Amino acid sequence: MAFHDVRFPVALSFGASGGPERRCEIVTLANGFEERNSPWADARRRYDAGLGLRGLDDIEAVLAFFEARRGPLHGFRWKDWLDWRSAPASRPIEELDQQIGTGDDATTAFRLVKRYGTGAAAYLRPITRPVAGSVRVAVDGDPVLEGAGVEIDHANGLVRLGVAPPIGAIVTAGFEFDVPARFDTETLIGSVASFEAGTLPEIPVVEIRA
């Protein structure tokens, strides 16, 4: 298996349903209280990109993408239209969107993360597939340009600074990102509705750790 650094056609993923899944183990005790535990540190996202009545060109594009990935064998990039950017949908992406680290005068590599919630209960989601050309970085509010003081590892979601930030300096970033995913089926079942249109009612996709 491998990860193919290509994106599922975004025009065809638009309108897909899905979202995060959390695995929890819940045991009800004899006194009625519960014990809850989660073996997963991170959520896993699932989607269904099923196509209703679409042109045959769209159907053929999905089938070609499925065959090129050998079905569920190889991973790919997936744009989650509900959650694909570091900033809220109401404002543009900025280099101050997400805090990704604090300087210690030695560390130069920082992982991209997106924060959900506030305070001690906040969840920091690792971002491993930023979109090329979208990442903006700042150190203590001062922008650092890609290629002129910072390098972006788009295959792992790492920001590498040319100079280690001083102790206490806040490293922030803004970005677009994709979800590493694979098909969650070995079979695509479609039908031709007319000479110019067809359907693929179910196209299950699941996030992978990559």
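The values are calculated or read from the model by the stated rules, or taken from the named source; none is laboratory data. Computed from a predicted structure; not experimentally measured. Cβ atoms come from the backbone with ideal geometry, glycine included; neighbour counts cover every protein chain shown. Heads up: the accessible areas ignore ligands, DNA and RNA and are worked out on the full protein's heavy atoms, side chains in. Shrake-Rupley method; radii C 1.70, N 1.55, O 1.52, S 1.80 Å.
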Subset tally (residues that are out of contact with any strand residue (DSSP E or B) (no Cβ under 6 Å at 6 or more places or on another chain), farther than 14 Å from PHE183 by Cα, open to solvent by 60 Å² or more (accessible area, probe 1.4 Å) and not in a loop (DSSP other than H, G, I, E, B)) for the range 59-99: 1
In the list TRP84, TRP40, which residue meets the criterion of being touching an Asp or Glu at 6+ places or on another chain (Cβ under 8 Å) and of a type in the set (Phe, Trp, Tyr)? TRP84
Checking THR107 against (1) farther than 26 Å from ARG45 by Cβ; (2) among the β-branched types (Val, Ile, Thr); (3) buried (at least 16 other Cβ atoms within 10 Å of the Cβ), which single condition isn't satisfied? (3)
Selected residue (criterion: most open to solvent (accessible area, probe 1.4 Å)) from residues of the range 129-144 that are under 23 Å from GLY103 (Cβ atoms) and in a loop (DSSP other than H, G, I, E, B): ASP140
Can you report the number of residues in the range 172-207 which are among the aliphatic types (A, V, I, L, M), crowded, with 18+ Cβ neighbours inside 10 Å and farther than 18 Å from GLU67 by Cα? 2
Name the single residue that is nearest to ALA181 (Cα to Cα) among those in the range 6-34 being outside any strand (DSSP E or B) and among the charged types (D, E, K, R). ARG22
So which residues in the range 100-128 are part of a loop (DSSP other than H, G, I, E, B) and either touching a His at 6+ places or on another chain (Cβ under 6 Å) or of a type in the set (Val, Ile, Thr) (or both)? THR107, THR108, THR118, ILE127, THR128
The residue that is most open to solvent (accessible area, probe 1.4 Å), considering only those in the range 35-50 that are part of a strand (DSSP E or B) and under 29 Å from VAL62 (Cβ atoms), is ARG46
Please pick out the residue among ARG115, ARG91, ARG129, ARG70 that is without any contact (Cβ under 8 Å) to a residue 24 or more places away in the chain, of a type in the set (D, E, K, R) and closer than 30 Å to ILE189 by Cα. ARG70
